[in-house]
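**Q** Questions regarding the structure given below will be posed in turn.
Here, each number is a calculation from the coordinates, and none is a lab measurement. Nothing here was measured: the structure is a model prediction, and the numbers come from that model. Methodologically, a virtual Cβ is constructed for each residue, glycine included, from the backbone with ideal geometry; neighbour enumeration extends over all protein chains shown.
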Amino acid sequence: MSKEQPLIAVVDDEKAVRNAIRRLLRSAGFRVKAFASGAELLKSLMNHTPDCVVLDLHMPDMDGFDIECQLAQTEPRVPVIVLTGCDTSGDGERVMAGGATAFLLKPVDAQVLLAAIAAATQTDAVQSWNP
């Protein structure tokens, strides 16, 4: 019997980015839940816990730093991969100090993102993905 693929939560306020990442991850065999805001993700934790969170850093209302902090308190074992299109000095160090497993710049390379998720979830997603 095969093990169910990890559930990846994608949080990005940009619909096009969210959809592109969702399609990529599904094509690699992951189960995916996508959220337009951190508040949506945090609310969803009452019903399910993802195996990994792919998190946009700069969003309105609640930014990635706030979400990472909330996740560290409520779901400390869930790995977080942070993405940003605006790399401000110190952001990478700050998210890594907050417990993120990776800090990646947009536009993110598909292989790099899949490798980060595979490492975070201890799966072989990169080997099974064929673009």
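**Q** Of the conditions (1) closer than 24 Å to Ala16 by Cα; (2) touching a strand residue (DSSP E or B) at 6+ places or on another chain (Cβ under 7 Å), Thr121 satisfies every one except a single condition; which number is it?
**A** So the condition that Thr121 fails would be (1).
**Q** Does Ala28 qualify as being over 13 Å from Asp12 (Cα atoms), over 14 Å from the mean Cα position of the chain (by Cα) and hydrophobic (A, V, I, L, M, F, W, C)?
**A** Numbers: over 13 Å from Asp12 (Cα atoms): yes; over 14 Å from the mean Cα position of the chain (by Cα): yes; hydrophobic (A, V, I, L, M, F, W, C): yes.
Yes.
**Q** Is there a residue being charged (D, E, K, R) and buried (at least 17 other Cβ atoms within 10 Å of the Cβ) anywhere in the range 39-54? Walk me through it before giving the result.
**A** So in the range 39-54, the residues charged (D, E, K, R) come out as 40, 43, 51.
Retained after the next criterion (residues that are buried (at least 17 other Cβ atoms within 10 Å of the Cβ)): 51.
Taking every residue of the range 39-54 in turn, at least one turns out to be charged (D, E, K, R) and buried (at least 17 other Cβ atoms within 10 Å of the Cβ).
**Q** Consider Arg22 against the criteria (1) within 16 Å of Leu7 (Cβ to Cβ); (2) touching a residue at least 24 places away in the same chain (Cβ under 8 Å): it satisfies all of them except one. Which criterion is unmet?
**A** Here Arg22 clears every test but (2).
**Q** Please go through the range 10-41 and pick out each residue that is among the basic types (Lys, Arg) and in a strand (DSSP E or B).
**A** Within the range 10-41, the subset among the basic types (Lys, Arg) is 15, 18, 22-23, 26, 31, 33.
Selection gives Arg31, Lys33.
**Q** Got at least one residue in the range 7-28 being closer than 29 Å to Ser89 by Cβ, buried (at least 16 other Cβ atoms within 10 Å of the Cβ) and of a type in the set (Lys, Arg)?
**A** Taking every residue of the range 7-28 in turn, at least one turns out to be closer than 29 Å to Ser89 by Cβ, buried (at least 16 other Cβ atoms within 10 Å of the Cβ) and of a type in the set (Lys, Arg).
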